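The values are calculated or read from the model by the stated rules, or taken from the named source; none is laboratory data. Every value quoted in this text rests on a predicted model; they were computed, and no experiment measured them. Please note: Cβ atoms are built from the backbone with ideal geometry, for glycine as well, and neighbour counts cover all protein chains shown. Accessible surface is based on the protein model in full, side chains and every heavy atom, while ligands, DNA and RNA are left aside. Shrake-Rupley method; radii C 1.70, N 1.55, O 1.52, S 1.80 Å.
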Amino acid sequence: MSEDTRNPAEQPETLASVPPEASDAPGAPEDIAAQLAAENERLEGEVASLKDKFLRAFAEADNVRRRAEREVADAKVYGITGFARDLLNVADDFERALGAIDPQAREQADGTLKTLLDGIELTSRALNHALTKHGVARIEAEGTKFDPNLHQAMFEVPNPDVPSGTVVQVVQPGYTIGGRVLRPAMVGVAKGGPKAAPASEG
């Protein structure tokens, strides 16, 4: 049989016989580019979300670290507040004991009495030194302007020689610890004196 007499169904397919819609198949370059762009946009959104979560978590961890450091520092300074407040009563007792003795009698004391007085004074100094070492400081109130944050007024003293509102007597000394008031100073305040001179303008 010759080539010209073959059944047309047996003829091999040529390029011209490919349907035109085959060029619009799902794997076309335009569809792949659109899919890649959508996937890229999704991944960028996911990266931005993860970055935001990371920054928030990092900021929270940093806040926790700073808060912990602050609490540790406060504990070091203020952890002995109750103990220090109790020791102030002992310091007061030493001060009252020394103040009860007439200065002239102290100078004239000798023998055992002098040794006893010197021992009380040395112990009082050692106690005050220990308090200072741990951040407890005495409030120097006498002669200063009354400050309700540092002083507790017990009475008023008529005194025309000093400005009204000046602390003229300390009944019980006050103390601070780490800059905070441990115990306010109990004071007597001048009343009826001249007004405090205004600060001079520079």
* Ordered by residue, what ³J(HN,Hα) values in Hz, to whole numbers, does segment 125-137 give under the Karplus form 6.51 cos²θ - 1.76 cosθ + 1.60, where θ = phi - 60° and Gly and Pro are x? -> 5, 4, 5, 5, 5, 5, 5, 4, 4, 9, x, 8, 10
* Tally Lys/Arg at +1 and Asp/Glu at -1 over every other residue whose Cβ is under 15 Å from the Cβ of VAL181; what's the total? -> +2
* Structure fact -> Note: ALA38 to LEU117 extended length (0.36 nm per residue) minus current alpha-carbon separation gives 19.2 nm
* To do: Whole number in Å², please: accessible area per residue of segment 69-177, 1.4 Å probe, ligands, DNA and RNA not counted.
  => 67 Å²
* Structure fact -> Taking Cα pairs closer than 8 Å and at least 6 residues apart, the relative contact order of segment 145-188 in percent is 48 percent
* Asked: Ordered by residue, what ³J(HN,Hα) values in Hz, to whole numbers, does segment 98-113 give under the Karplus form 6.51 cos²θ - 1.76 cosθ + 1.60, where θ = phi - 60° and Gly and Pro are x?
  -> 6, x, 6, 9, 4, x, 5, 5, 5, 5, 8, 5, 8, x, 5, 5
* Ordering of 167-177, 32-42 by packing [mean C-beta count within 10 Å, highest first] -> 167-177, 32-42
* What ranking, highest mean first, results for peptides 185-191, 71-77, 91-97 when packing means the other Cβ atoms within 10 Å averaged over each residue? -> 185-191, 91-97, 71-77
* Asked: What residues qualify as long-range amide H neighbours of THR144, i.e. H under 5 Å apart, gap of 5 or more or another chain, H built at 1.01 Å from N?
  -> VAL167
* Asked: From the backbone phi of segment 174-190, what are the Karplus-calculated ³J(HN,Hα) couplings (6.51 cos²θ - 1.76 cosθ + 1.60, θ = phi - 60°) in whole Hz, Gly and Pro given as x?
  -> x, 9, 10, 9, x, x, 9, 6, 8, 7, x, 6, 8, 9, x, 10, 5
* Considering amide H positions built from the backbone, and no H for Pro or chain starts, which residues 5 or more places from GLU156, or on another chain, come under 5 Å of its amide H? -> VAL189
* Name the long-range amide H neighbours of GLY174: under 5 Å, sequence gap of 5 or more, or other chain; modelled H, no Pro or chain starts. => ILE139, ALA185, MET186
